[in-house]
1. Any idea which of Lys229, Lys243 is outside any helix (DSSP H, G or I) and more than 13 Å from the ligand (Cβ to nearest atom)?
2. Please identify the pairs in which a residue from region 244-260 that is free of Cβ contacts under 8 Å to residues at least 60 places away in the same chain has its Cβ atom under 6 Å from the Cβ atom of a residue that is of a type outside the set (Ser, Thr, Tyr) and in a strand (DSSP E or B), counting only partners at least 6 apart or on another chain.
3. Only residues that are exposed (fewer than 10 other Cβ atoms within 10 Å of the Cβ) and among the β-branched types (Val, Ile, Thr): list them for region 21-52, please.
4. Can you pull out the residues in region 406-422 that are within 16 Å of Ala341 (Cβ to Cβ) and of a type in the set (A, V, I, L, M)?
5. Out of Arg370, Arg418, report the one residue that is under 20 Å from Phe80 (Cβ atoms) and basic (Lys, Arg).
6. Quick check on this structure: which one of Asn179, Asn211 is polar (S, T, N, Q) and modelled with pLDDT under 95?
7. Cβ-Cβ under 7 Å, sequence separation 6+ or interchain: first residue in region 403-418 and under 15 Å from Gly435 (Cα atoms), partner near the ligand (Cβ under 10 Å from one of its atoms) and not in a loop (DSSP other than H, G, I, E, B). Which pairs?
8. Determine which single condition Tyr448 fails, assuming it passes every other condition in (1) at pLDDT 95 or above; (2) under 23 Å from Arg381 (Cβ atoms); (3) assigned to a loop (DSSP other than H, G, I, E, B); (4) within 16 Å of the ligand (Cβ to nearest atom).
Amino acid sequence: MIGLPPLVLRALELMATLFVFAVGTSLLVILFLYFFDKYQTVNSIRRNYPVVGRFRAFFEHLGEFFRQYFFAMDREELPFNRAQRLWADRASKNIDNTSAFGSTKNLAVEGTVMFANCLFPRLDDEAMTPSPILFGPYCKQPYQTNSFFNISAMSYGALSKPAVRALSRGAEMAGIWLNTGEGGVSPWHLEGGCDVVFQIGTAKYGARDDNGELSDEKLREAGNNPNIKMIELKLSQGAKPGKGGILPAIKVTEEISRIRGIPQGEASISPNRHPEINSLEDLLDMINRIRDASGLPTGFKAVIGAYGWLDEFCKLIRQRGIESAPDFFTIDSGDGGTGAAPLPLMDEMGLPIRESLPMVVDKLNEYGLRPRIRVLASGKRVTPSEVAWALCAGADAVNSARGFMFALGCIQAMKCNRNTCPTGVTTHNKRLQRGLDPTDKSVRVANYARNMTKEVSIIAHSCGVTEPRKLKRFHARVVSANGLSVGLNELHPEVETRPEFKD
Ligand SMILES: Cc1cc2nc3c(=O)[nH]c(=O)nc-3n(C[C@H](O)[C@H](O)[C@H](O)COP(=O)(O)O)c2cc1C
């Protein structure tokens with residue numbers, strides 16, 4: 001130590017003291033935890049392996065994050081694997097989305113979808129923009145759009161304010177619609193000036209009177225709002241069929257109370273179904289009431305489980321006349337997303353869209369109700385081939401919720417129910433919301449929608465048709481148990497309209 005200046009010596013002494021203090025304190029903490037763990041009665045691992053047992057929970061927690069980066073294969077994770085997320089991410093950033101060397105997708109796995117390319121694909125100059133479709137030909141204000149890829153229902157509440165603002169502005173830029181979800185129409189949905197689909201859930205948020213009943217006055221107001229193009233009555237969603245919800249009093253702020261039409265500071269209950277809709281007759285009555293009062297095309301959303309009712313429903317529409325039909329039917333997949341739901345409903349309740357979509361399309365064809373009832377499909381359609389499959393199966397358009405969440409920056413942290421979403425998409429924590437800049441993310445939302453349209457069109461051209469809405473079942477093939485593919489048209493043969501319903 002000879003030769004060192006006194007100041008350095010003193011600093012070394014201080015650091016040595018701090019080191020001894022830190023080691024001593026750590027030993028004391030470990031000793032305390034050891035006895036605490038050994039004599040607590042709640043956790044058996046920690047009781048048997050004091051202190052060390054704590055690492056298990058810690059590593060399990062970390063594994064949730066690290067698997068995604070280091071261990072999971074590109075096509076392995078659920079609900080969305082890295083390949084799907086990467087496509088959505090790159091499409092939203094409008095950066096080169098081509099791949100090199102060859103596909104990493106195993107095409108021998110049962111259920112894999114592939115497309116039947118044509119020997120003479122469409123020349124680039126034959127390509128057409130998606131053809132328009134009309135909703136609600138018999139209502140006062142029919143709605144026409146070219147878009148076949150739109151933003152699925154997610155309420156302001158499940159999503160943060162900057163997320164809804166980005167979606168609204170991005171939807172306007174890309175010319176697609178934005179579904180409000182069941183939390184009512186907020187100023188943030190309208191901010192960007194996009195086409196809006198107003199969803200009415202079981203609590204009738206945004207469309208209810210002081211007693212919580214559906215209000216014709218509010219429906220008329222919706223009809224007078226130039227941005228609101230259609231109304232969707234929500235019966236169920238794939239992630240939680242038959243489940244209601246409670247909005248805790250603390251979340252019913254002045255703003256939420258105004259948007260949803262509920263008393264401020266009081267908890268609000270969403271019943272697990274519409275209490276006044278007890279039968280198919282009631283459902284049709286309700287759809288017609290909403291359409292008459294608002295003047296807007298009106299449809300409903302449900303996940304298919306039991307399906308015998310489809311025949312009864314089509315017969316009822318035929319008895320009453322096709323004017324009485326819903327203008328669209330949004331079919332949600334049993335594996336759809338949500339802000340929060342019980343695991344058994346999320347995992348095992350309701351049919352996946354790959355089964356329910358062809359079934360509903362066939363039923364509507366059988367009764368001659370296509371294209372009177374437009375079919376919208378949602379459920380894990382985040383890449384072009386998934387959207388193209390739905391169009392081949394017979395959907396008029398596809399809705400995506402989580403695809404657009406990826407466009408907003410979602411990293412699949414799966415924290416939507418905890419107010420801790422690290423990307424600000426589903427949290428009301430202002431600090432976390434800061435990460436989501438609505439201006440930047442609105443461009444990503446628009447890019448994602450545009451690139452989706454572009455690449456689904458590429459699939460269509462390769463199949464030999466001029467635009468995505470011309471895709472048919474025979475354009476898609478599905479790998480069967482023996483590793484060979486069968487046409488979607490063989491798996492689900494097109495159903496002829498019954499002679500009595502051929503108009
Ligand atoms: C955060 C979040 C909130 C949602 N909120 C609603 C809602 O209010 N109403 C509804 O009908 N569906 C809601 N959904 C379901 C979606 O609209 C969609 O039907 C489902 O997630 C399947 O589409 P996806 O696979 O593209 O996400 C929500 C989904 C998510 C992820």
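The values are calculated or read from the model by the stated rules, or taken from the named source; none is laboratory data. Because the structure is predicted, anything quoted here is derived from the model rather than measured. Here the Cβ is made from the backbone with ideal geometry for all residues, glycine too, and neighbour counts use every protein chain on show.
1. Working: Lys243 fails: more than 13 Å from the ligand (Cβ to nearest atom).
One residue alone meets the criteria, Lys229.
2. Final answer for the pair search is Ile246/Ile269.
3. Thr41, Val42 - these are the residues of region 21-52 that are exposed (fewer than 10 other Cβ atoms within 10 Å of the Cβ) and among the β-branched types (Val, Ile, Thr).
4. The answer is Met414, and nothing else.
5. Working: Arg370 fails: under 20 Å from Phe80 (Cβ atoms).
Answer to the check: Arg418.
6. Asn211
7. Close Cβ pairs satisfying both conditions: Leu408/Ala163.
8. If we test Tyr448 against (1) at pLDDT 95 or above; (2) under 23 Å from Arg381 (Cβ atoms); (3) assigned to a loop (DSSP other than H, G, I, E, B); (4) within 16 Å of the ligand (Cβ to nearest atom), just (3) comes out false.
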